[in-house]
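Here is the structure we will look at.
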Amino acid sequence: MRKVLLVSDNEILNDLYVLNLEVYTGTTVTVMNDSEAAIDFLKKNPDQDVVVSLNMINGQETASLIQNYLTSQALPYPFIVLGTLPKNMVNVINVPSTYNLQHFIRVVAKILGVTAKEMSEKKVTPFYPVPTKSVINLNEASCDLYLQTKRTDEDEDYILLLKKGSPVSFTVKKLYQDGVNLVYVNAFDRLVMVNQVSSKIINILKASDSPLENKIQAVSSGFEFVATQLVNSPEVSQEIMQLSQVCVKAMEDISKDSPSLRGLLNILSSSKESYLYVHSMMASYIAQHVVKNISWGGEGHVEKINFVLFFHDIMLGPIYLKYPHLKYEEDILFDERVADKDKEIVLNHARLSAEMMNSFKRAPLGADLLIKQHHGMTSGIGFALDYKDDISPLSKVVIIAESFVEEMMRVKDENPTAQIDVKVMMGFLSEKYKKHTYKKIIETLSTLRL
């Protein structure tokens, strides 16, 4: 069997690459997390057919280090670099978008001599997850729906839940109320379900007479649906792109139509939306206020801010579905109930979410940078303790907006009847963010409709 060495620290990408390479090209894939481990592996196992590496890992030019080793040892492996090609690097095969899985598989298949006909005859992943919440409001199932009844490291069992054409609402709503967050569709039916769910949500959001509560619930369904689809299949389809854009526009409309931040929180709480969505929606309300009231801001920044706040935590969507008790991101890292693999995703989610934007052709210019920096780290890894001036001004707006929301929700957690005072919140933020540029953003909150 042919062998591929993959050098990557991106856990989500690793799972997708390994699964698809094994299924479509019949290869055995070994994963190493950095250049040192990869080079050590190659010394002991030189009989590889292809070597694949991310361009950079944790700030290190991993691909360059591996190429230097291959050259020094005169190893003839085809070398594929994922991501932006480092300067002066030649004689390698480049796949610029790490999330263009189809392109990557085709490149490897060509190297190994696997034809398109052979790949089309291979077995595909049998089931794709769909958030239960996204299915509730469908009139009938456009395809068979399945329920996952058992999951172990070795096996997954699925039973038929609803046949194509069956009424959806009662059965799926009962499951959702019982805490079942995902249902599944056959891989061949995935696009059918994507089209049905997307159309339903878009119709609600575009209807001029949709009540504010319905729009909030529709954007929430869109948020969870897009997150689940992108994480499980990162190529951005036209349907997912359209749904995302409509949801981003709706976030602006919801903020305009909400009488106050408190009123928005009441609607979100009464409809029992997920913390991740509540957090993003309220941060959008605050960030829009800031960019409309700061000297260098304006309406032109609104779309970009909302795009960023829709996608910045997109990699956390499946994590929050898996652990519904979770709330504050930094606290997850110390929660013993969360698997180490999932903690790694949390720690790297800003970087991973930003990288995913490479597949989103209509993303606002610079949105990926804002997403990467939304926890104050230029690398997109971890959470800043000392907030500096080495990040974009709009990233600082997102940081202040999210910090306001998190503190507000912590206060409400401790005392649900507590009254939030804008001046007190501004004082808290000023203590946490010492730099002048952050304080100028905080000053705009004095006129926030609370």
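Observations on the model:
- Selection status of Lys164, of a type in the set (Lys, Arg) and either more than 30 Å from Met1 (Cα to Cα) or at pLDDT 90 or above (or both): yes
- Of the residues making up segment 363-385, not a single one is over 21 Å from the mean Cα position of the chain (by Cα) and in contact (Cβ under 8 Å) with a residue 40 or more places away in the chain.
- From the options Thr125, Thr71, residue that is modelled with pLDDT under 90 and either among the polar types (S, T, N, Q) or farther than 29 Å from Tyr184 by Cβ (or both): Thr125
- Verdict on Glu224 being under 28 Å from Glu330 (Cβ atoms), crowded, with 21+ Cβ neighbours inside 10 Å and in contact with a strand residue (DSSP E or B) (Cβ under 6 Å, 6 or more places away or on another chain): yes
- The criterion of being closer than 16 Å to Ala283 by Cα, among the small types (Gly, Ala, Ser) and out of contact with any Ser or Thr (no Cβ under 9 Å at 6 or more places or on another chain) does not hold for Ser430.
- Applying a threshold of 7 Å to beta carbon distances and a minimum spacing of six or more residues, or different chains, the list of pairs starting in segment 31-55 at a residue that is touching a residue at least 40 places away in the same chain (Cβ under 8 Å) and ending at one that is hydroxyl-bearing (Ser, Thr, Tyr) reads Gln48/Tyr77; Val50/Tyr77; Val51/Tyr77; Ser53/Thr62; Leu54/Ser8; Leu54/Thr62; Leu54/Thr98.
- Sole exception among (1) over 29 Å from the mean Cα position of the chain (by Cα); (2) at pLDDT 90 or above for Ala109, by number: (1)
- Test: residue in segment 302-313 that is surrounded by fewer than 22 Cβ atoms within 10 Å (Cβ to Cβ), under 28 Å from Gly263 (Cα atoms) and either of a type outside the set (Lys, Arg) or not assigned by TED's automatic domain parsing to the domain that holds Val411 (or both): yes
- Some residue of segment 278-296 being over 15 Å from Ala401 (Cα atoms) and not acidic (Asp, Glu): yes
- The single condition from (1) more than 16 Å from the chain's Cα centre (by Cα); (2) crowded, with 22+ Cβ neighbours inside 10 Å; (3) under 22 Å from Val246 (Cβ atoms) that Gly317 fails is (1).
- Unmet requirement for Val180, which otherwise passes all of (1) buried (at least 21 other Cβ atoms within 10 Å of the Cβ); (2) of a type in the set (Val, Ile, Thr); (3) not assigned by TED's automatic domain parsing to the domain that holds Leu264: (1)
- From the list Glu154, Glu224, Glu235, the one residue that fits, being of a type in the set (Asp, Glu) and modelled with pLDDT of 85 or more, is Glu224.
- Members of segment 345-361 found to be of a type outside the set (A, V, I, L, M), more than 14 Å from Ile319 (Cα to Cα) and not in a loop (DSSP other than H, G, I, E, B), listed by number: Arg351, Glu355, Asn358, Ser359
- When Leu385, Leu369 are checked against the criterion of being closer than 26 Å to Leu326 by Cβ, surrounded by fewer than 21 Cβ atoms within 10 Å (Cβ to Cβ) and not basic (Lys, Arg), Leu385 stands alone in meeting it.
- Any hit, segment 364-372, residues being among the β-branched types (Val, Ile, Thr) and either out of contact with any helix residue (DSSP H, G or I) (no Cβ under 6 Å at 6 or more places or on another chain) or closer than 22 Å to Phe307 by Cβ (or both): yes
- The set of residues in segment 412-449 that are more than 17 Å from Val291 (Cβ to Cβ) and either of a type in the set (Lys, Arg) or not assigned by TED's automatic domain parsing to the domain that holds Ser392 (or both) comprises Lys412, Lys423, Lys432, Lys434, Lys435.
The values are calculated or read from the model by the stated rules, or taken from the named source; none is laboratory data. It should be emphasised that the depicted structure is a prediction, and the values quoted were computed from it without experimental measurement. Cβ sites come from the backbone with ideal geometry, for glycine too, and all protein chains shown count toward neighbours.
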